[in-house]
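One structure below.
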Amino acid sequence: MSVELDVFVGNTTIMDEEVYQLWLDGYTVNDAVKVRMEGGVMDECEASKDVLLSDTMDQYRTFQMCERLLHSPAKLANQLLFQIPPHRQIMLIERYYAFDDTFVREVLGKKLSKGTKKDLDDISAKTGVTLKSCRRQFDNFKRVFKVVEELKGPLVENIRQHFLLSDKLARDYAAIVFFANNRFETGKRKLQYLSFQDFAFCAGQLISNWTVGAVGEYNMVEDMDVDLDKEFLQELKELKILITDKDLLDQHKSLVCTALRGKTKVFPEMETSFKNLSRGLINIAAKLTNTKDVRDFFIDLVEKFIEPCRSDRWTAADMKLYLTHYTNSAHILDTFKHQVVWDRYMGVVKSCIFKMYHD
Amino acid sequence: MPGKLKAKIVAGRHLPVMDRASDLTDAFVEVKFGNTTFKTDVCPKSLNPQWNSEWFKFEVDDEDLQDEPLQITVLDHDTYSANDAIGKVYIDIDPLLYSEAASVISGWFPIYDTIHGIRGEINVIVKVELFNDLNRFRQSSCGVKFFCTTCIPQCYRATLVHGFVEELVVNEDPEYQWIDRIRTPRASNEARQRLISLMSGELQRKIGLKVLEMGGNAVVGYLQCFDLEGESGLVVRAIGTACTLDKLSSGSAPNTNTHMSPLAHGCRSTHNSPVHSVCSSQRLSQNFSVSVPTLIFTGMGSGGSAGKEAGPLRTLLRQQTQTALEQREFPFFTLTSFPPGFLLHVGGVVSARSVKLLDRIHNPDEPETRDAWWEEIRQEIKSHARALGCHAVVGYSESTSICEEVCILSASGTAAILNPRYMREGCLDIGCTDHRLVSFFLFCGFCHIPYDELNMPFPAQLTYCYHCRRQKVPDVLFTTIDLPSEAAVAGKGCLIQARLCRLKKKAQGETNATAISNLLPFMEYELHTQLMNKLKLRSMNALFGLHIQISVGENMLLGLASATGVYLTALPAPGGIQIAGKTPGDLSNEHISSIQKRINDTIAVNKELYQINPPELAEEGVGSPIPEPRHRSRLFRSHSESSDELSELDLSHGKKDAFVLEIDDTDAVEDIHSLLIDAPPPTGFYSCNTENMPGISNWTSGVQMFTSVRVLRLSNANLTNQGLNKIFTDLCENLLKVRNHHGAGFTLVTVTAVAMTYDKEQTQEKTAEKPVNKGQSLWSLEAEEQLQFPLELCADSSSSNIQTASKISGIFNSASVDYGSFADRCSTWLELLRLKAHTIRRGSVKTSRRTQSLRSHIRAHTPPCMPSVTVVKMTPLSFLPGIRIIKYLGIINMFFIRETTSLREEGGVSGFLHSFIAEVFAMVRAHVAALGGNAVVSYSMKECVFMENPNKNQAQCLINVSGDAVICISETDQESSASTANTGQTGGGGTDGAT
């Protein structure tokens, strides 16, 4: 006697957070049942395996039916098919849009295209995240990207309103969209040590300081938080004077050194590498008008600044000290007229480097 | 005489994309009532159109208002080809026709298509202006209220109970009309939905007329059923109880909690009674009926007395009362619970079945044949009741089971004697407590035998009532009603089921009918024996809510009896069960003694489990003897027994009647074993099929209603009762899902029974950090299950047969092209012979929790954002625990068909049905919300017919649901306004959403 049909439907939609997570993680029904059994549901409830299986199937079906709605979360609140209490709706959405840091790290900065989607099985094998889960996460990125692409106004706010996500998650998505749009290189070996959260932080800095929207006057422009402010990038070229003008460079160095002397163990190294480091940072700034160089922004920061410092065994505190004085000293330089641009540039670079410099 | 119906189409949302090119839709709406149709403008290129139409006005007769639904069709405009239908909404406007109910229907309705399911939503406003109609020859019955609830609805007072009303209408099934061969499946489904909607409207109107004739204003316990008789037509029939109801003014809070009064403490009463049943079989063409007395029913000579009118039987009846009742053709009541004092005595279950051969309904306007069938059965029930010395039948219901051309009609109820005062003066809910007689016998009166002791209709052991010691009670009592709220019970109740299946030869026509009717008595007998055994095994002595279903299939019959067992303290304690071998000194002697031991152990365990500790009988039992009550009581009893009433008190309870089971071979051993010893329910998990869980009363307001459907294929190999048993056990076990749902994620949950200590709850509260679902973690779980298993069997045996059958139909299809869609859709499914048990279960789970704790927490945690969609609760019960119903908005009675030609893509049969049930829930909720309601009580899924043809990737399903739409408020909210503080029963208003 075989069960041909077996459904169990509640007026208030029946769902269990644990099973939902298993579904999201791409477990098959049978694997999910195994996990649940190991988790001890059985002892707690004296349920038999069959019941657990059938329950898991019911819930998987429910989730599959809900999935269409989750693609446009705003619908979930006013659809009539499923009666889901509001706090559960929030949970459903938040979990559906949650992602694995290891996975997102792999696709960060890549084009969200069919091509990348084809590589998902490799990523799945590499990260240990199931292919099904990878696809869901990837499709989420793509969906968010597509929706906000056509919207005016602030990125994070748009994501939050359209997908009803928490502030934290909305910011993470903003970072992903931002990276995908500007195609920042994150996959190089030298960048492997950086986590998604490091990049997300940097993205946040860039979005709030270097984009069109950051200026504030254009409030409702398309892509205002996604595209970098072209005018600003042009102006960055002016900073070159700090390294091309020999006097200015020497003056800057002596100011910084005076301030640092005796405050750190690695002072001699700082002194010797000052010119190199300064050239590195200013060159990065000057090249940002090229899209190609924008993509390499992070790798350049690592190669031109972080790696030299690390080989000189600077501590994070040294780094902070150095960058603070390096930035502030430029203000005292009489002949240096580009204070505003300088601050806008260094503010972001400084905090990015702080984040990216792991001891 | 007329009324004016006005409808306005406001907007749509989430429409499907109908134009692939633009990914948009050009939607417009057709509004149809009767033969009049209006259209809105086309709202171009939008999935969320705003029509904001004018008011469409229909001037119609109120007769039509009652019969017809308002039909709203959403279409996609297409310039070059025909407009594509997106879907429809049928709105039953009946709730607008009586004054106190809803005044407007307004809200979002799911747009439903029988092929695609729900496709977006539409916002509609509907109003009705009725003009007074004083024409006494009118055909309409506007104003009569209908309730599915089988008790007097909360917030009403019954001034008079008029009695039984019934009606049936017949028609041809559109699915079987010739035109079905040329129309699309969608058109056919819609024709069917519309027809059934019309027929139920008509039926309700006709019943309403009868009620008005009787002088009533409402129908309570309204039960409407469909018989899909296939070729021979479609029957819609309904029964109910006509009443005159008065609305209680909202200020005077009625004692709403009759349902919830704590029953657990009581400790007196005794009783028992047998099933009294007869099966008769009859060929349609012959006009005699053969009553086959079953073995249980030994007292009465032959049941053939049906049809004779009251005259000769009158002597059997008590003369002094009930003239009112006797004048009625059928003194039946579909109610299952009554105000205290209404029921004087309960005799036992009466049931009647009859096997009929279906014939094409030749003239839909003359449904006489079907009427005659039911009339016959009702007569039989009536005569059974009389044989039990009762003048009324309560908890009455009717059902059918159809397989091809054979139809089993069944009716059952509980024979009872009602308090005549209620019939005459009709004050149903007052003055019973001040009546000394009633109050004296309140706790046990209904258990006392109504029949003549010397002239018992069946063998029963009578003893004096363990509560009042004055009157005789039987040793076991079976009833179809709910446990009266005043009854004293010991311990908790539990669900008891008997299951049975019998093979029969495949046959046609008359032979088939005869075979079935020959089997029926044996099945009834066996079901009864099983019930009795299981009852004793649980150490209980009464069954409530007994519901027996017999389903017929091609080559088997399936019987299922479910009831709630309780220990009534007025009845004697049940004896044990004795196992006996066929011959003393049998080989299996050792075996037998071991079984005996196990049975005894089980009884002991069950006693503990259900906390049955009947108080030892002490002398206090009689209290102060009041002379008048005894005197008065004689009035109701025949004189033969009144003489020696107080003589011998039999105190030797418990020892006398051990139930003996005989074992003659090893198979029987197995049988007894598996049948008797059901898997014990998991701890802390209770189920019953009555409105109240005997012995447990502190429910929380967290109610979750669910529907579960299972289809299993039985093969000959495991056609044993054990196999069947397992299926149902599994089904019940499924309930555990509910617990998983509650329990998972909170490892601390200890699933003990009712009582959890206050401290424990506190700690759990802290550990469960998330605000979500709080409350759940601390509820100990209990489920009350409203069980009804409509069983359906389309039978055939081996799988090889199925193969051939499907092949045949396949060939048939390809060969006869002109049969077209008809052959495609119907014949294959119906002819696909298969053995299938199809069970439907619905129920409601309540979680109970210690009451005083944590109300504030719950308040604090209610979700801050109000949902944009009204939360509508549903329950098969007639009430919601902890919540007060303040207004009944009308009956919900909906019929849906869903069909698919892409079964695999929709997730197979389970996926298909899962989404269909979810859709049905959604549509019910939307209608209730549009009426302004927030809950459905007495919800039931009357019909669920499922057909599939996997080879063609097709499936079709029909569902009929009904219930009462209500507005209810949480009693905690109410406390501030009214001072009806109902201690202990408070449920946090916000928690229900969490379940």
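The values are calculated or read from the model by the stated rules, or taken from the named source; none is laboratory data. The structure displayed is predicted, hence computed values, not measured ones. Cβ sites come from the backbone with ideal geometry, for glycine too, and all protein chains shown count toward neighbours.
Remark: pairs (first residue in the range B:875-900, farther than 27 Å from B:Arg192 by Cα; second residue in a loop (DSSP other than H, G, I, E, B) and of a type in the set (Ser, Thr, Tyr); Cβ separation under 8 Å; 6+ apart in sequence or on different chains) = B:Ser878/B:Thr149; B:Ser878/B:Thr150; B:Ser878/B:Ser337; B:Gly882/B:Thr986; B:Ile886/B:Ser250. Against the definition (touching a residue at least 12 places away in the same chain (Cβ under 8 Å) and over 18 Å from B:Asp61 (Cβ atoms)), how does B:Lys210 come out, yes or no? Yes. When restricted to residues that are more than 7 Å from chain A (Cβ to nearest Cβ) and farther than 16 Å from B:Ser962 by Cβ, the range B:919-929 contains 1. Contact annotation: residue pairs with Cβ atoms under 8 Å, 6 or more positions apart or on different chains, pairing a residue in the range B:173-191 that is farther than 22 Å from B:Glu68 by Cα with a partner that is modelled with pLDDT of 85 or more, are B:Asp180/B:Ser188; B:Arg183/B:Ala191; B:Pro185/B:Thr114; B:Pro185/B:Ile115; B:Pro185/B:Glu899; B:Pro185/B:Thr901.
Would you say A:Leu194 is assigned to a loop (DSSP other than H, G, I, E, B) and modelled with pLDDT of 90 or more? Answer is yes for this residue.
Of B:Ala929, B:Ala965, B:Ala922, all but one fail to be aliphatic (A, V, I, L, M), in contact with a Gly (Cβ under 8 Å, 6 or more places away or on another chain) and not in a strand (DSSP E or B); the exception is B:Ala929. Where helices (runs of 4 or more DSSP H) fall entirely within the range A:288-359, those with at least 2 residues that are buried (at least 17 other Cβ atoms within 10 Å of the Cβ) and either in contact with a Pro (Cβ under 8 Å, 6 or more places away or on another chain) or not charged (D, E, K, R) (or both) are at A:297-301, A:316-332, A:339-356. Of all residues in the range A:93-113, none satisfies being in contact (Cβ under 8 Å) with a residue 40 or more places away in the chain, outside any helix (DSSP H, G or I), within 8 Å of another protein chain (Cβ to nearest Cβ) and surrounded by 22 or more Cβ atoms within 10 Å (Cβ to Cβ). Got a number for residues in the range A:55-69 being more than 10 Å from chain B (Cβ to nearest Cβ) and basic (Lys, Arg)? Looking only at that region, the number is 1. The residues of the range B:869-901 that are in a loop (DSSP other than H, G, I, E, B) and either in the same structural domain as B:Trp108 (by the TED database) or in contact with a helix residue (DSSP H, G or I) (Cβ under 9 Å, 6 or more places away or on another chain) (or both), listed by number, are B:Val869, B:Thr870, B:Val871, B:Val872, B:Leu877, B:Ser878, B:Phe879, B:Pro881, B:Gly882, B:Thr901.
This table checks each residue for (1) more than 7 Å from chain B (Cβ to nearest Cβ); (2) touching a strand residue (DSSP E or B) at 6+ places or on another chain (Cβ under 6 Å); (3) modelled with pLDDT of 90 or more.
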position: A:Glu4; (1), (2), (3): no, yes, no
position: A:Val7; (1), (2), (3): no, yes, no
position: A:Glu18; (1), (2), (3): no, no, no
position: A:Val29; (1), (2), (3): yes, no, yes
position: A:Ala32; (1), (2), (3): yes, no, yes
position: A:Glu44; (1), (2), (3): no, no, no
position: A:His71; (1), (2), (3): yes, no, yes
position: A:Pro86; (1), (2), (3): no, no, no
position: A:Met91; (1), (2), (3): no, no, yes
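Beta carbons closer than 6 Å, at least 6 apart along the sequence or on distinct chains, pair a first residue in the range A:300-329 that is among the charged types (D, E, K, R) with a second that is part of a helix (DSSP H, G or I) for A:Asp300/A:Ile284; A:Lys304/A:Gly280; A:Asp312/A:Glu269. Looking only at the range B:869-896, which residues are closer than 18 Å to B:Ser337 by Cβ, crowded, with 24+ Cβ neighbours inside 10 Å and within 14 Å of chain A (Cβ to nearest Cβ)? Correct list: B:Thr875, B:Pro876, B:Leu880. Would you say A:Asp55 is under 24 Å from B:Pro876 (Cβ atoms), modelled with pLDDT under 90, more than 25 Å from the chain's Cα centre (by Cα) and assigned to a helix (DSSP H, G or I)? It is true that A:Asp55 is under 24 Å from B:Pro876 (Cβ atoms), modelled with pLDDT under 90, more than 25 Å from the chain's Cα centre (by Cα) and assigned to a helix (DSSP H, G or I). Any residue in the range B:906-918 that is part of a strand (DSSP E or B), within 14 Å of chain A (Cβ to nearest Cβ) and buried (at least 24 other Cβ atoms within 10 Å of the Cβ)? Looking through the range B:906-918, none of the residues is part of a strand (DSSP E or B), within 14 Å of chain A (Cβ to nearest Cβ) and buried (at least 24 other Cβ atoms within 10 Å of the Cβ).
Are any residues in the range B:63-99 within 27 Å of the chain's Cα centre (by Cα) and in a loop (DSSP other than H, G, I, E, B), and if so, which ones? Selection gives B:Glu68, B:Ile93, B:Tyr98. What number of residues within the range B:939-950 are touching a Ser or Thr at 6+ places or on another chain (Cβ under 9 Å) and more than 14 Å from every other protein chain (Cβ to nearest Cβ)? Total meeting the criteria: 1.
Residues of the range A:129-150 that are surrounded by fewer than 18 Cβ atoms within 10 Å (Cβ to Cβ) and of a type in the set (A, V, I, L, M): A:Leu131, A:Val147. Please verify whether B:Tyr156 is among the aromatic types (Phe, Trp, Tyr), more than 30 Å from B:Pro881 (Cα to Cα) and not assigned by the TED database to the domain that holds B:His391, treating the condition exactly as stated. Here the answer is no, as B:Tyr156 does not meet what is asked. For the range B:536-543, state whether one or more residues are at pLDDT 80 or above and part of a strand (DSSP E or B). So far as the range B:536-543 goes, yes, one or more of its residues are at pLDDT 80 or above and part of a strand (DSSP E or B).
With respect to the stated conditions, A:Ala203 is over 17 Å from A:Thr102 (Cβ atoms), within 15 Å of the chain's Cα centre (by Cα) and either assigned to a helix (DSSP H, G or I) or free of Cβ contacts under 8 Å to residues at least 12 places away in the same chain (or both). Within the range B:122-133, residues that are assigned by the TED database to the domain that holds B:Lys8 and among the basic types (Lys, Arg) have Cβ atoms under 8 Å from residues that are at pLDDT 75 or above and surrounded by fewer than 19 Cβ atoms within 10 Å (Cβ to Cβ) in these pairs: B:Lys127/B:Lys6; B:Lys127/B:Ser103; B:Lys127/B:Val104, counting only partners at least 6 apart in sequence or on another chain.
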